[in-house]
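The values are calculated or read from the model by the stated rules, or taken from the named source; none is laboratory data. Model, not experiment: these values are computed from the prediction. Here the Cβ positions follow ideal geometry from the backbone for every residue, glycine too, while neighbour counts run over all protein chains shown. Areas reflect the complete protein model, heavy atoms only, side chains present, ligands, DNA and RNA absent. Shrake-Rupley method; radii C 1.70, N 1.55, O 1.52, S 1.80 Å.
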There are 4 protein chains.
Amino acid sequence: MPTRPLVLVHPYPQNRETLFADATWSALNERFEISEDPAEFDALLPNALAVVGQPDLPAERLARAGNLKAILNVEGNFFPNVDYSACFERGVYVLGCGPAYAQPVAEYALGLAIDLARGITREDRAFRAGRERYTIDGNHDAILLRHSDVGFVGFGNLGRALLPLLRPFAPRVRVYDPWLPASVLREADVEPASLDEVLSASTFVFVLAAITDENQHLLDGARLDLLQPGARLVLVSRAAVADFPALYSRVEAGRLLAAIDVWPDEPVPADDPGRSLEGLVLSAHRAGGMTSAFHQIGEMVLDDLTQLASGLPPVRMQVASRELIGRYRSKPVIKE
Amino acid sequence: MPTRPLVLVHPYPQNRETLFADATWSALNERFEISEDPAEFDALLPNALAVVGQPDLPAERLARAGNLKAILNVEGNFFPNVDYSACFERGVYVLGCGPAYAQPVAEYALGLAIDLARGITREDRAFRAGRERYTIDGNHDAILLRHSDVGFVGFGNLGRALLPLLRPFAPRVRVYDPWLPASVLREADVEPASLDEVLSASTFVFVLAAITDENQHLLDGARLDLLQPGARLVLVSRAAVADFPALYSRVEAGRLLAAIDVWPDEPVPADDPGRSLEGLVLSAHRAGGMTSAFHQIGEMVLDDLTQLASGLPPVRMQVASRELIGRYRSKPVIKE
Amino acid sequence: MPTRPLVLVHPYPQNRETLFADATWSALNERFEISEDPAEFDALLPNALAVVGQPDLPAERLARAGNLKAILNVEGNFFPNVDYSACFERGVYVLGCGPAYAQPVAEYALGLAIDLARGITREDRAFRAGRERYTIDGNHDAILLRHSDVGFVGFGNLGRALLPLLRPFAPRVRVYDPWLPASVLREADVEPASLDEVLSASTFVFVLAAITDENQHLLDGARLDLLQPGARLVLVSRAAVADFPALYSRVEAGRLLAAIDVWPDEPVPADDPGRSLEGLVLSAHRAGGMTSAFHQIGEMVLDDLTQLASGLPPVRMQVASRELIGRYRSKPVIKE
Amino acid sequence: MPTRPLVLVHPYPQNRETLFADATWSALNERFEISEDPAEFDALLPNALAVVGQPDLPAERLARAGNLKAILNVEGNFFPNVDYSACFERGVYVLGCGPAYAQPVAEYALGLAIDLARGITREDRAFRAGRERYTIDGNHDAILLRHSDVGFVGFGNLGRALLPLLRPFAPRVRVYDPWLPASVLREADVEPASLDEVLSASTFVFVLAAITDENQHLLDGARLDLLQPGARLVLVSRAAVADFPALYSRVEAGRLLAAIDVWPDEPVPADDPGRSLEGLVLSAHRAGGMTSAFHQIGEMVLDDLTQLASGLPPVRMQVASRELIGRYRSKPVIKE
């Protein structure tokens, strides 16, 4: 009887129950021998097909993992406790779960953009306070997405998931992404642009960039002042991309409206001035972390392990690249 | 020198300045002789090409309008002070401005649906109250539009404008519209369904029906109980389609979430219980009445008058049908 | 017992069996009392709800059709044997079947365009003659539709059906239509243009215009010379729009490639020089006349009669306009 | 002064001039030091950033390429003269140019499908022979793509490029791909299916699969007999997938219509019986090999080398996987 391939499952700081719906977990256990016991880890590692999660994997430990084909990151960030260089030199796949968040974030970002366009959240608050304004009186700053100028800062998983949702609005889409050649953007039927062009030409700006050493506070006061009066800014990727005090001051002054899902400190301090700004839509890091997204990660793990065990390449998780894996500088997005 | 065709402009209860941007008004005056003076109306009527608005036009008055080609309704409702039968018998076009509202309402309805799907408005309120919940804690009832079951009640201008915005989410769309044969729905790539099927099978239900004598309180308690637990209801057409107390009781019980833009009485009474329901998104008849929509009506008027003056049919406003014009039973949607 | 509404069916020069699939004909007979007997026509006319076809209907005959609600044209052309003015003055719907041909013609036009882009028909002939050229040798003039410049001459039913088929190729689409204001084209997300702009800027030109007194030989030699060298011309609406000798001479000279489905004389004379031009794709008026299109006309008739009998407006056939009905100057498209 | 990175360009059996438009070649030479001299190859290899083409690269030679980051295959097939295992173990990217052919092949496949649906090529031949049949007489077997059942055999680059072109036809798409989990297909909004389901349920079948040891003659007589009478088969990937005599016999018998772009032997023998089959559309391996596609390969090479030189991952060419690279069994597609 052939033994089932061995998979070591250590998803911390994620939670196994969060990731795997019952049916997925059952299927995983049918097809694979699963170990979740940290005490067994070193003993089992030489026989393991794959590690799910990111336990400490320095080079010397990896050296003993002679059958390892993949490390499946289920958290969203690549911590430096794994020697990724050693993985790439060994031809071990490093797989990321970012695609699972793309659709949830894209739908949410569109919802935030329409909210900013039409004042949905603000006017709901007014209605509850008995201050609602009917029809055109409540629509003084309302604008349409249709035929609008849209800018993306970053064109990775999130941008690629958001773009088709915007297509029926027939917007003009300018994209800034320093990691991509212009040809890739033109192939996606968007216009390559500099960051300054994106900011100055767009009515709706979606900040979708991962954070790196190079783009901390990319959106500082000077850059925010490039935005058109009345522009709508949707920030759903990483807080560090924006200078928050500069952003708050412009929202407070009525220069622009913004929806914010990611914050420099989470939880946000009780006295954070953003909490009372009328021009903000406030969201507590909720764009991606849905039950269905977490369950999708579990299914992606199951599918890609099945692929690997069948001699096929992974197709659902994202193959991390040697060039980019060390550049991200973000903190975990999940609640610990 | 050829005289310009004569057009009588009496948009009350709409407002001429609201409808016509300066450039549109200038162009209209260049191409047409315009009269806005009620005192001149009867004297000028026999020579008029068209009437913009809906001043009293009983049969005997229409009988004197021997050159009249069209009545351009710029308000959204067809009041009974015009003898429409006489118009149809004379081959006078009765034109409606509904298409101008379709895109604004469609975008708004999508925004409301995503809000209900993800709790954007509710969680913004919580954030401002210092009660925000991060990531999955705030997403307990969050769902995706992607691959969801969507139902439309009514498939007129609004449904046709909303459908393409939903397409990238690849939903399964069931539509109930008693005024259309199933073939029309199948040609639009949606599934014809009974009202009960739409309600019981859909996670997202968009109420997009005009109100008639037959569909007052179409969504009564029994019908609302067909909805799945956790369904999201978006009401943007006419309040009279729904039984509001029945709707409130189900929202209060947590059976469903709803976004409401139209109300039985506007302004809504100060003590209306809906004002404090957590499961509602409250909106003060703001879906369609944007400046850009009103200006589009002005442009549609200009374009269609130009068509008529050139011996071409109107193509931007909606040609009202003899069969349906008497069926609508709605109150004016604009602020008076 | 209520009697069924009376419908007079006289589809000549169309053929009843061609239009009505058995199930459609059965349903029609269940819902309506049908008369096909010319001898009964005058006696039954006063009670008829509708006439299907276009038997002679001068004003005096129409005057006796006191209950007539619609004339349903099932052939595609409006012959002058009906007094359309009398219809419009009476509020009798004149309905056309053009929409039934739109999808067949649109698919066919796209197929012809790709054929011209890639030489499919020409290289198939070469292959059969043992002269095939492999890979790049056979692709010397091959071009892509993707990101190409596309021009439409006319934007009626055909253009509206073709446009969505082209969208995934992300072309730049310029449209000339003298019967439409620019706003209608911009709303359709195409660029309004003059005829000369369409011809000079487009690599692919689709001639989709109905023929009128004004556009006979619209595409004469001078206009054809505006086309770019190597342009591809698809002619699927009416032959009279183009000057055929001028077109042939430019195709023969290698200035352009063309696909032709409509001809000045049909059948085309045996010695027509077009028969041997390598740069043509030859098609014998086959773009629209498919069995499924004819059957769809039958279904549209059934649906719209049902609508009318229910007090609802027709929604499948096209309501002809008083302004345009007299302008068309085309011969019957069906085989007699 | 920093030296430019070194790139060794040996595209045989492709041709450098075919791949690189002048501007691309100039840009490549500005950014990189280029060597095309086989005599220098071994001496330069230790300093090379990348090799363009597939010269012999056994393990021992690769071992001396200490700075090598990528091998850029510009021909379309991975020959066994490169030790790919050594590449993967070293973390050297093996890049394929397949994506450059995807759009040309997809457009061509759609053109072939419409040709089969409507008889464009066949009726053009008849027209030239004076045997044309007008309107419905020539349309006896004409069908629409709209709302049809479509099947894909294989869902790689070609299928992914073809699918969006088919979307506006609103087909039902079933896909068989043994290398992909069902979830990937469902995410693409197609239906996963077995090969037999694809064949028996589809009116249009697109064969888009690469050839491997396992799928030689996948479409044998028994499988072809699963096809519906009148089915249309488009073969544009690899000839070896189909049993040609079995295919010919069914086309000859009128069981199905087929368009063939790839052949067991190329050039096709002069007496190949396929040359005279009326039910075939014959094409001489022309689906992908367009000038613009070859030039795109050159641009992809330039872009990805620029990415690599900037410490960024390749984004235009396709990163080959260790698992699949050895499975393909195809002959070169280009003309030698």
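Numbers below:
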quantity: Student exercise, chain C dipole from Lys, Arg, Asp, Glu Cβ charges, in Debye to nearest 20; calculated: 680 debye
quantity: Relative contact order of segment D:97-225, defined on C-alpha pairs under 8 angstrom at six or more residues apart (%); calculated: 26 percent
quantity: Highest-first arrangement of D:287-296, A:40-49, C:108-117, where packing means the average Cβ count within 10 Å; calculated: C:108-117, D:287-296, A:40-49
quantity: Contact order normalised by residue count of chain C, Cα under 8 Å, 6+ apart, percent; calculated: 19 percent
quantity: In nm, spacing of pseudo-spin labels at D:Asn81 and A:Asn47 (7 Å Cα→C-beta vector); calculated: 4.4 nm
quantity: Anchor D:Lys69: aspartates and glutamates whose Cα lies under 17 Å away (excluding residues fewer than 8 positions away in-chain); calculated: A:Glu89, A:Glu323, D:Glu33, D:Asp42, D:Asp56, D:Glu60, D:Asp83, D:Glu89, D:Asp303, D:Asp304
quantity: Estimated buried accessible area (total), pair D and C, 1.4 Å, Å² to nearest 100; calculated: 5200 Å²
quantity: Partner chain coverage, peptide A:311-319 - average Cβ within 10 angstrom; calculated: 4
quantity: DSSP bridge pairs, chain B: antiparallel proportion in percent, nearest 5; calculated: 5 percent
quantity: Estimated distance in nm for a label pair at A:Arg61 and D:His147, the labels positioned 7 Å out from Cα along Cα-to-Cβ; calculated: 6.0 nm
quantity: Compactness index (Cα Rg / 2.2 N^0.38 Å), chain C; calculated: 1.10
quantity: Shape of segment D:1-71, Cα gyration tensor, a/c cut at 1.5; calculated: oblate
quantity: Cα-centred dipole magnitude for the protein assembly as shown, charges only on beta-carbon of K, R (+1) and D, E (-1), debye, nearest 20; calculated: 0 debye
quantity: Sulfur and carbon atoms: percent of accessible area, segment B:172-237 [1.4 Å]; calculated: 48 percent
quantity: Alpha-carbon centroid distance for the pair segment A:1-56 / segment B:123-191, whole angstrom; calculated: 38 Å
quantity: Distance (nanometres) between label positions extended 7 Å along Cα→Cβ at A:Glu40 and A:Ser26; calculated: 2.1 nm
quantity: Solvent-accessible area per residue for segment B:31-183 (1.4 angstrom probe, square angstrom); calculated: 32 Å²
quantity: Nearest 10 degrees, 0 to 90: helix B:22-31 Cα axis against chain B principal axis; calculated: 30 degrees
quantity: Proximal charge balance of C:Leu44 [Cβ under 14 Å; K/R count +1, D/E count -1]; calculated: -2
quantity: With 5 Å bins from 0: P(r) over segment C:201-260, alpha-carbon pairs, percent; calculated: 4, 21, 33, 28, 11, 3, 0
quantity: Under 5 Å, built H, 5+ apart or other chain: amide partners of B:Val175; calculated: B:Phe152, B:Glu191, B:Ala193
quantity: Radius 11 Å from Cβ of B:Val234, net charge of other residues (Lys, Arg +1; Asp, Glu -1); calculated: -1
quantity: Quotient of C-alpha Rg and 2.2 N^0.38 Å, computed over segment C:169-208; calculated: 1.09
quantity: Modelled FRET efficiency - R0 22 Å, B:Ser249 with B:Arg131, Cβ distances, 0.05 increments; calculated: 0.30
quantity: Efficiency of FRET between A:Asp225 and B:Ala170 - r from beta-carbon atoms, R0 56 angstrom, step 0.05; calculated: 0.90
quantity: Degrees separating the helix C:98-118 axis from the principal Cα axis of chain C, which is the longest one; calculated: 10 degrees
quantity: Average beta-carbon neighbours from other chains, 10 Å sphere, peptide D:175-185; calculated: 3
quantity: Evaluated at q = 0.10, 0.14, 0.17 Å⁻¹: base-10 log I(q)/I(0), Debye formula over Cα of segment C:102-210; calculated: -0.33, -0.59, -0.79
quantity: Relative contact order [Cα under 8 Å, 6+ residues apart], segment B:155-307, whole percent; calculated: 16 percent
quantity: Segment A:1-93 - charge dipole about Cα centre, Lys and Arg +1 at Cβ, Asp and Glu -1, debye rounded to 20; calculated: 320 debye
quantity: Accessible surface of segment D:43-106 [probe 1.4 Å, protein heavy atoms]: carbon and sulfur percent; calculated: 56 percent
quantity: Percentage, to the nearest whole number, of Cα pairs in segment C:188-235 over 14 Å apart; calculated: 54 percent
quantity: Carbon and sulfur %, accessible surface of segment B:241-336 computed with the full protein complex present, 1.4 Å; calculated: 52 percent
quantity: Cβ-derived FRET efficiency at R0 56 Å, B:Val315 paired with D:Glu89, nearest 0.05; calculated: 0.25
quantity: Helix A:157-166 axis, angle to chain A major axis (alpha carbon atoms, nearest 10°); calculated: 50 degrees
quantity: Segment B:4-123, Cα convex hull volume normalised per residue, Å³; calculated: 138 Å³
quantity: Peptide-level mean, for A:266-274, of C-beta atoms on other protein chains within 10 Å; calculated: 2
quantity: Binned Cα-Cα distances of the protein assembly as shown, short to long, each 10 Å bin given as a whole percent; calculated: 1, 8, 15, 20, 21, 17, 11, 5, 2, 0, 0
quantity: Residue among D:Glu191, D:Glu323, D:Glu214 with the largest mean-square fluctuation in a Gaussian network model of chain D, springs linking Cα atoms under 10 Å; calculated: D:Glu323
